[in-house]
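Written out below as structure tokens is the structure these notes cover.
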Amino acid sequence: MELVSRQDPHLREVVWFAVRCRALTLLLQALFNLLLPDHAADAFSPPRLPEPGLWDLLLERLLGGLSRWDAEHFLFIAERGYLYEHNCAFLPLYPLSLRAVAEGALWPLQPLLRLRSRLLLSAVLLNSLFSILAAAALYKLGCVVLQRRGVAFLAALLFPVSPANVFMAAAYSESMFAFLAFTAMWQLEKGQSWLGGLLFSLASGVRANGLINAGFILYARGKCFALQLQVGSGSLRKHSLWKQLLSMTSSAVLMCAGIFLPFALFQYYAYVRFCGPGTGLEQTVPGPLLQLALDKGYRLAARNGVKPPWCSWRFPVVYSYIQDTYWNVGFLRYFELRQTPNFLLALPVTLLGSWAAWTYLIANPQHCLTLGLERRKSEEEGKPRAGFCCPAVFVYVVHATVSLAVGFFCMHVQVLTRFLGSCSPILYWFSAHLLQEYEPLLWSEGTDNQTAAPRSEKSLVDKSPGSCRKGTSENPLVRLLMNFRLITPLSKCILGFFLSYWLLGLILHCNFLPWT
């Protein structure tokens, strides 16, 4: 498979480093879950039906830390379907994948493990695979966009120690979404727009924020059309302008419709299930689950023929209703004094994201003002700029900035870390850019093969900056960690943020303590 080609030593290093980090994650979460008592959190925690056996209890002791908080929703949906209304905040592709693996590849374990245990094991296996492939896709994407192998390599190495690491390992949809999103971006950069659109469509069936990925399709089509107008002759524009415009518009509309389709189909499914006539569902739901609904106020599908309020909306979207009613998500709703600790928790990723946007804006003011649609002289000469501040990064900076703004002002702000860590490459690209720009341990003595290259590109890991295939597979991240006392304060801050959140997430999240 192209994604894990053996011809690139850097890609092999990324994959093996991701494998080692994932193994260490599983080991540490088991250790912390065994040593530390679980917090009695007021979170969704359905009763275990049927009663667990000996092997189920053993698996729970080893991997139970990965089934906390929202992971309970995903595992419950995979086992029972969308029984409660608030389950519909979680889109179906990830739970369906868990059920498929549990009933397929893990079917031989049925005599030993009940369904929920096999679903948890499926989540661990799938998320390990998706997180490793996501790191590889991030490397490939970085090579194409940044045209600097060193930055792409270092960014991909940062992904396995992401501040959102625990959510990449737990039964959450972040790993699957990151893999689909990064691979779609990579395919789109290679010119495989329809394949990229298909992967973006699958991503929108995993997480609702996948809908904004339609912006990549629209921007790619718009930029292509704008550049054709600038390089084409007057006669060509006169005779083919409308034909080109119609072709690009129709293809963009089709691909965007494909991206929105999974989300729209799921909203229709929820409408039929919760707004349709009663089907006697109460008789098929086990008593303990009915009692849980009564105790917690959970709404069952079409219970007693009483329809939820969103069914009468002009556009009955259950997702926005749940976010509003159950979790109080909305513009500035989280701006309360008692939420100060959560804002502090999101401060590092907010600063990094804002700094990345500002750095790019200062480096490319004209490019940003023209939305990257103006053809640059360097492009006409066939020598585009490379690195984080290159023109190709513009759309990713916009995507990350919009995601950051929406998350900061409209969401529970503490989720910003995993939100940006799973949907945008900017967090990793900019961190890698800062490390190579300001860390002397990553500078080489010699010069590279590009004229007037900045010092950030004169790196021991980037001796062929125009290539994504040559060079050694030395791990610069390990080198920095082994020389932690010698690196600059900025490097300590960046690596400290990544590693402290990596570790704290395992300690807190896996024991039902509040985290990002």
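The values are calculated or read from the model by the stated rules, or taken from the named source; none is laboratory data. Predicted model only: the values in this text are computed from it and were never measured. Methodologically, a virtual Cβ is constructed for each residue, glycine included, from the backbone with ideal geometry; neighbour enumeration extends over all protein chains shown.
Points to keep in mind about this one:
- Check on Trp194, part of a helix (DSSP H, G or I) and modelled with pLDDT under 95: yes
- Matching residues, the stretch 47-85, being under 20 Å from Leu26 (Cβ atoms) and free of Cβ contacts under 8 Å to residues at least 24 places away in the same chain: Leu57, Leu58
Condition check ((1) free of Cβ contacts under 8 Å to residues at least 24 places away in the same chain; (2) within 20 Å of Arg418 (Cα to Cα)) across all residues:
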{"position": "Phe263", "(1), (2)": "no, no"}
{"position": "Cys275", "(1), (2)": "no, no"}
{"position": "Leu292", "(1), (2)": "no, no"}
{"position": "Arg299", "(1), (2)": "no, no"}
{"position": "Cys311", "(1), (2)": "no, no"}
{"position": "Val317", "(1), (2)": "no, no"}
{"position": "Tyr321", "(1), (2)": "yes, no"}
{"position": "Gly330", "(1), (2)": "no, yes"}
{"position": "Trp355", "(1), (2)": "no, yes"}
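- Set side by side, the residues Leu121, Leu125, Leu112, Leu93 differ, and just one is among the hydrophobic types (A, V, I, L, M, F, W, C) and under 30 Å from Phe274 (Cα atoms), which is Leu93.
- Residues that are without any contact (Cβ under 8 Å) to a residue 24 or more places away in the chain and over 28 Å from His509 (Cα atoms) do not occur anywhere in the stretch 333-351.
- Checking Thr284 against (1) within 25 Å of Asn209 (Cα to Cα); (2) over 23 Å from the mean Cα position of the chain (by Cα); (3) hydroxyl-bearing (Ser, Thr, Tyr), the condition it does not meet: (1)
- Filter result for the condition that a residue is in contact (Cβ under 8 Å) with a residue 24 or more places away in the chain, assigned to a helix (DSSP H, G or I) and touching a strand residue (DSSP E or B) at 6+ places or on another chain (Cβ under 9 Å), over Val166, Val145, Val151: Val151
- Test: residue in the stretch 354-365 that is crowded, with 18+ Cβ neighbours inside 10 Å, of a type in the set (S, T, N, Q) and under 19 Å from the mean Cα position of the chain (by Cα): no
- Matching residues in the stretch 14-46 - criterion: being at pLDDT 95 or above, surrounded by 18 or more Cβ atoms within 10 Å (Cβ to Cβ) and farther than 13 Å from Leu62 by Cα: Val14, Val15, Phe17, Ala18, Cys21, Arg22
- Residue match in the stretch 54-68 (condition: buried (at least 20 other Cβ atoms within 10 Å of the Cβ) and not in a helix (DSSP H, G or I)): yes
- Selection of the stretch 375-399 for residues being at pLDDT below 85 and assigned to a helix (DSSP H, G or I) yields Lys377, Ser378, Glu379, Glu380.
- Residue tally, condition more than 24 Å from Leu24 (Cα to Cα) and surrounded by fewer than 24 Cβ atoms within 10 Å (Cβ to Cβ), over the stretch 132-144: 2
- Looking at Ser403, Ser467, just one residue is within 30 Å of Asp324 (Cβ to Cβ) and either part of a helix (DSSP H, G or I) or at pLDDT below 95 (or both), and that residue is Ser403.
For every residue, the table says whether it meets (1) in contact (Cβ under 8 Å) with a residue 40 or more places away in the chain; (2) buried (at least 24 other Cβ atoms within 10 Å of the Cβ); (3) in contact with a Gly (Cβ under 6 Å, 6 or more places away or on another chain); (4) over 19 Å from Leu96 (Cβ atoms).
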residue	(1), (2), (3), (4)
Phe130	yes, no, no, no
Gln187	no, no, yes, yes
Gly191	no, no, no, yes
Phe200	yes, yes, no, no
Asn213	yes, yes, no, yes
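- Filter result (in a loop (DSSP other than H, G, I, E, B), under 18 Å from Ile77 (Cα atoms) and either polar (S, T, N, Q) or without any contact (Cβ under 8 Å) to a residue 24 or more places away in the chain (or both)) within the stretch 89-105: Gly104
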